[in-house]
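The values are calculated or read from the model by the stated rules, or taken from the named source; none is laboratory data. As the structure is a computational prediction, the values presented were derived from the model and not from experiment. Positions of Cβ are backbone-derived with ideal geometry, glycine not excepted, and every protein chain shown enters the neighbour counts. SASA here: full protein model, heavy atoms, side chains in, ligands and nucleic acids out. Shrake-Rupley method; radii C 1.70, N 1.55, O 1.52, S 1.80 Å.
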Amino acid sequence: MEFHVYENARAACEAAGVLIAAQITRKGDSVLGLATGSTPIPAYEMLTQWYDRGVIDFDRVRTFNLDEYVGIDHKNPLSYHAFMQEHLFSKVNLRPENVHLPSGNGAADAEAYDKAIHGAGGIDIQLLGIGRNGHIGFNEPADDFTYGTHVVTLTADTIEANARFFKSADEVPRQAVSMGIGNIMAAKCVVLVATGENKAKAVYDTIRGPITPRVPASVLQLHPCCVILTDREAGKLMLEE
Ligand code: F6R
């Protein structure tokens, strides 16, 4: 597991953009695993800028997002479909048939999603954020690690953390469809970005704690190609060691 601390959040996220751009440069038909949330936005901005300058080309790239809320209209600006349109898909030459997100319809959707990832040859590079509770995708702390894409009931902590995007916590959907830990572990390379002091404990537990489904990201200790990029705040407890 590689761990790098950057001066600020922007630099940590842009470093993730560098790794994704390098992957696309090496392999034009790369399969990217993508994340939503506040953290990856600077990475998408960098990828868009490099696309505009002709440095990278998304014509043959395929993408699979980690998750989508259950029961949310894809046109709703708070859906992850809308988020990806806004921050990446509408800005680069990704072909619509090459972008994939769970539809958010439930269990049948989940099985089809795993088949589609498999059919694309698996994910070359998976971008991840992390929840304050150590979740990756929407794999919340649990008694067991999940394998494939599945329907998740969001924890109170995640509902509260995501309420900032909605009018109130009451409006945050209670369920999501998420890739499982098995899907994430099957990616050839994983890049996790964490920024802000409220992620410091999750980062420390991920890297130094026991491998446990109570801190889902801790399983990444077993991944053969995992890079964790943080700003000084999220890396604080690691720096204090
Ligand atoms: C988003 C996702 C989540 C977020 C995590 C952190 O697709 O899967 O695991 O990465 O909740 O969110 P932010 O970046 O908003 O702090």
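The one condition from (1) within 28 Å of Ala15 (Cα to Cα); (2) away from the ligand (no atom under 14 Å from the Cβ) that Ile136 does not meet is (2).
Here Pro224 fulfils each of the conditions (1) away from the ligand (no atom under 12 Å from the Cβ); (2) in a loop (DSSP other than H, G, I, E, B); (3) open to solvent by less than 50 Å² (accessible area, probe 1.4 Å) apart from (3). Summed over the range 55-64, the residues that are within 13 Å of the ligand (Cβ to nearest atom) and free of Cβ contacts under 8 Å to residues at least 60 places away in the same chain give a count of 1. Taken as a whole, the condition of being assigned to a loop (DSSP other than H, G, I, E, B) and exposed (fewer than 14 other Cβ atoms within 10 Å of the Cβ) does not apply to Glu233. Selection within the range 202-241: residues that are within 20 Å of Cys13 (Cβ to Cβ) and of a type in the set (D, E, K, R). The member of this set that is nearest to the chain's Cα centre (by Cα) is Asp231. Exactly one residue out of Asp52, Asp67 is charged (D, E, K, R), within 13 Å of the ligand (Cβ to nearest atom) and either at negative phi or surrounded by 15 or more Cβ atoms within 10 Å (Cβ to Cβ) (or both): that is Asp67.
The set of residues from the range 174-214 being touching a residue at least 40 places away in the same chain (Cβ under 8 Å), within 13 Å of the ligand (Cβ to nearest atom) and not in a strand (DSSP E or B) comprises Met179, Gly180, Ile181, Asn183, Ile184, Thr195, Gly196, Asn198, Lys199, Ala202, Val203, Thr206.
Could you look through the range 17-41, keep only residues that are closer than 16 Å to Val227 by Cβ and surrounded by fewer than 15 Cβ atoms within 10 Å (Cβ to Cβ), and pick out the one that is farthest from the ligand (Cβ to nearest atom)? Here the answer is Arg26.
Could you list, in sequence order, the residues of the range 117-138 that are open to solvent by less than 40 Å² (accessible area, probe 1.4 Å) and among the small types (Gly, Ala, Ser)? Break it down into steps so the answer makes sense when it comes.
The initial filter retains those residues of the range 117-138 that are open to solvent by less than 40 Å² (accessible area, probe 1.4 Å), namely 117, 120, 122-131, 133-138.
Of everything in the range 117-138, those that are open to solvent by less than 40 Å² (accessible area, probe 1.4 Å) and among the small types (Gly, Ala, Ser) turn out to be Ala120, Gly122, Gly129, Gly131, Gly134, Gly137.
Taking the range 139-163 as the search range and keeping residues that are within 12 Å of the ligand (Cβ to nearest atom) and under 20 Å from Val203 (Cβ atoms), which one is most open to solvent (accessible area, probe 1.4 Å)? Steps first, please.
Keep residues of the range 139-163 that are within 12 Å of the ligand (Cβ to nearest atom), which gives 139-140, 152, 154-155, 157-163.
Subsequent filtering for residues that are under 20 Å from Val203 (Cβ atoms) retains 139-140, 155, 157-158, 160-162.
Working: Asn139: 7, Glu140: 19, Thr155: 41, Asp157: 56, Thr158: 3, Glu160: 116, Ala161: 25, Asn162: 20 Å².
My answer is Glu160.
You will find that of Thr149, Thr153, Thr158, the residue that is among the β-branched types (Val, Ile, Thr) and touching a Pro at 6+ places or on another chain (Cβ under 7 Å) is Thr149 and no other.
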